[in-house]
1. Applying the selection to region 76-100, what residues are in contact (Cβ under 8 Å) with a residue 60 or more places away in the chain and not in a helix (DSSP H, G or I)?
2. Could you grab the pairs with beta carbons closer than 8 Å, sequence gap of 6+ or different chains, first residue in region 11-26 and modelled with pLDDT under 80, second one surrounded by 13 or more Cβ atoms within 10 Å (Cβ to Cβ) and part of a loop (DSSP other than H, G, I, E, B)?
3. Which residues, taken from region 66-84, are surrounded by 12 or more Cβ atoms within 10 Å (Cβ to Cβ) and under 19 Å from residue 32 (Cα atoms)?
4. Among the residues that make up region 105-120, is at least one of them at pLDDT below 90, at positive phi, surrounded by 14 or more Cβ atoms within 10 Å (Cβ to Cβ) and in a loop (DSSP other than H, G, I, E, B)?
């Protein structure tokens, strides 16, 4: 797995700070220590490490999201959301990672396909 700087351009990047990548792979880390609940690393179709979803204890105030100097986005969630995000990654395709700079408040992982109504999910 590549953990270096993003070398591929995103599928969409505009002057307002919006960036989007298709997610092709992920790597999960769940820690035993309470102060580091876990993380999910996201990779694009070229195996570029594009984002780290960092899960913090539910009692903590989440830090601001940001894009590091290595080009990798850091997005923070509470631990209670871990199962929901993992379920989305396991069961939905295609998925995209969307980030709005400068503050990343609207960052999301979204299904890029459509599903029939009433399929029982």
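1. Of everything in region 76-100, those that are in contact (Cβ under 8 Å) with a residue 60 or more places away in the chain and not in a helix (DSSP H, G or I) turn out to be 94, 95, 96, 97, 98, 99, 100.
2. Partner pairs satisfying both residue conditions: 17/101; 18/101.
3. Scanning region 66-84 gives 76, 77, 78, 79, 81, 82.
4. The answer is no, given that none of the residues of region 105-120 is at pLDDT below 90, at positive phi, surrounded by 14 or more Cβ atoms within 10 Å (Cβ to Cβ) and in a loop (DSSP other than H, G, I, E, B).
The values are calculated or read from the model by the stated rules, or taken from the named source; none is laboratory data. No experiment lies behind these values; they were computed from the predicted model shown. Cβ atoms come from the backbone with ideal geometry, glycine included; neighbour counts cover every protein chain shown.
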